[in-house]
Amino acid sequence: MRIYLDHNATTPVAPPVAEAMARVLRDEFGNPSSVHAFGQRAKALLDEARSAVAALVGGAASEIVFTSGGTEADNLAVRGAAEAPESGGGRHLVASAIEHEAVLATLKALERRGWRTTLLPVDASGVVAPAALENALTDQTALVSVMLANNEIGTLQPVAALARMAHAAGALFHTDAVQAAGKVPVDVSTLGVDLLALSAHKFGGPKGVGALWIRRGSRLAAHMTGGRQERNRRAGTENVPAIVGMGVAATLAADKLDEEASRLEALRDRLEREILARIAGTAINGAPGCRVPNTSNVSFEGVEAESLLIGLDLEGVAVSTGSACSSGTLEPSHVLRAMGLSSHRTQSSIRFSLGATTTVEDIDYVVDRLPAVVGKLRSLVGRR
Ligand code: PLP
């Protein structure tokens, strides 16, 4: 038995996505920048995918720039806004303390080159307080970046309110929507953001492709130089098969959004209810009423998270201790630390993330096996 509960790390490719990609790889090799018919066929495929991805976030197709993934989309947003010649010379950047490394490490890199940065604190449930942004904004702030949904705990942020405040101070607003798209409705107009990052492999698409939605007219410097692809914002011949896959995945995700959200929420709630009922010393991390429906981050008192991950893997169950990019580092989660959790609790927390392949049988299997795995680990350190 193999149960995959790590969909926030990556999702299995949906079968129609794989089929569409295989067809393009086999039959459509044209370069979308070529004028002849081969090129124009490839360009039409890009246009179709661009419309599908734009529809997932309520934007216009002309506002989508395809990238190599969520990390590049975040880099393009943060570096592009910081380095835009029209940014008025403002050299201050703001982000939440619980952003993905794609944003945090980019801020650090800019800091080394002279930008000032402010990280906004979060409360005990992992939510940024608008008052914290109010205090951080100055007339030098070029960009505010706050993610829509957190990858480790699933908590949703008050992005619309934060974006209004950033705009009032003359700053651009970027949101990393990588963990929100395909799980909750995402609409760029309602959110009022200027930039929004997506990654295909988080919603049934392939790895190595993503997109940045850029509000028409937003100031942004291109960070890849070369040809004139993607309206001069991202040079390089487009990865046509992967982009087609992302388009198909976006349409599938949009079509099933409500149905999948309620199904996963019910399964996630069942998982949490049973864990709390069957295992003493457990607690849920993150804002219970304000999370994406597929994510659950749970602390198991007296248990080392890495050992629990391995114990569950031996039972055929795949979970994670947080971000896939940080796994193996044994660094305590920066997200749980920012929420003020004790070091014991940050080191005894694991993430279950559900997805398209998750069934009620999977959840029941996990909650049947967990008590013994936890009990064994606790007995090894002399706890019950
Ligand atoms: N942003 C968030 C919130 C993520 O969870 C991830 C992936 O883990 C990324 C960005 C990076 O996306 P990619 O893996 O496509 O580079």
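Only one residue in Arg378, Arg369 is touching an Asp or Glu at 6+ places or on another chain (Cβ under 7 Å), in contact (Cβ under 8 Å) with a residue 40 or more places away in the chain, surrounded by fewer than 21 Cβ atoms within 10 Å (Cβ to Cβ) and not small (Gly, Ala, Ser). Which one? Outline the logic, then answer.
Details: Arg378 fails: touching an Asp or Glu at 6+ places or on another chain (Cβ under 7 Å).
Answer to the selection: Arg369.
Which condition number does Arg263 fail, the rest of (1) touching a residue at least 24 places away in the same chain (Cβ under 8 Å); (2) open to solvent by 30 Å² or more (accessible area, probe 1.4 Å) being met?
Of everything listed in (1) touching a residue at least 24 places away in the same chain (Cβ under 8 Å); (2) open to solvent by 30 Å² or more (accessible area, probe 1.4 Å), Arg263 misses just condition (1).
Can you name every residue in the range 204-263 that is of a type in the set (Asp, Glu) and either farther than 13 Å from Gly80 by Cβ or within 16 Å of the ligand (Cβ to nearest atom) (or both)?
Filtering the range 204-263 for residues of a type in the set (Asp, Glu) gives 230, 238, 255, 258-260.
The answer is Glu238, Asp255, Asp258, Glu259, Glu260.
Listed here are the residues, each with its yes/no results for (1) open to solvent by 40 Å² or more (accessible area, probe 1.4 Å); (2) in contact with a strand residue (DSSP E or B) (Cβ under 6 Å, 6 or more places away or on another chain).
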{"site": "Leu93", "(1), (2)": "no, yes"}
{"site": "Ala105", "(1), (2)": "yes, no"}
{"site": "Ala109", "(1), (2)": "no, no"}
{"site": "Arg116", "(1), (2)": "yes, yes"}
{"site": "Leu120", "(1), (2)": "no, yes"}
{"site": "Asp123", "(1), (2)": "yes, no"}
{"site": "Gly126", "(1), (2)": "no, yes"}
{"site": "Ala132", "(1), (2)": "no, yes"}
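Out of the range 291-312, which residues are under 25 Å from Val178 (Cβ atoms) and surrounded by fewer than 21 Cβ atoms within 10 Å (Cβ to Cβ)?
Within the range 291-312, Pro293, Glu306, Leu309 qualify.
Can you pull out the residues in the range 19-54 that are among the basic types (Lys, Arg) and surrounded by 14 or more Cβ atoms within 10 Å (Cβ to Cβ)?
Once the filter is applied, which keeps residues that are among the basic types (Lys, Arg) and surrounded by 14 or more Cβ atoms within 10 Å (Cβ to Cβ), the range 19-54 yields Arg41, Lys43, Arg50.
Considering only strands (runs of 3 or more DSSP E) fully contained in the range 44-139, which possess at least 1 residues that are at pLDDT 95 or above and either more than 16 Å from the ligand (Cβ to nearest atom) or out of contact with any helix residue (DSSP H, G or I) (no Cβ under 9 Å at 6 or more places or on another chain) (or both)?
Per the criteria, 92-96, 116-120.
The values are calculated or read from the model by the stated rules, or taken from the named source; none is laboratory data. Computed from a predicted structure; not experimentally measured. As a convention, Cβ positions derive from the backbone with ideal geometry for all residues, glycine included, and neighbour counts pool all protein chains shown. Keep in mind that these areas ignore ligands, DNA and RNA; they rest on the heavy atoms of the full protein, side chains included. Shrake-Rupley method; radii C 1.70, N 1.55, O 1.52, S 1.80 Å.
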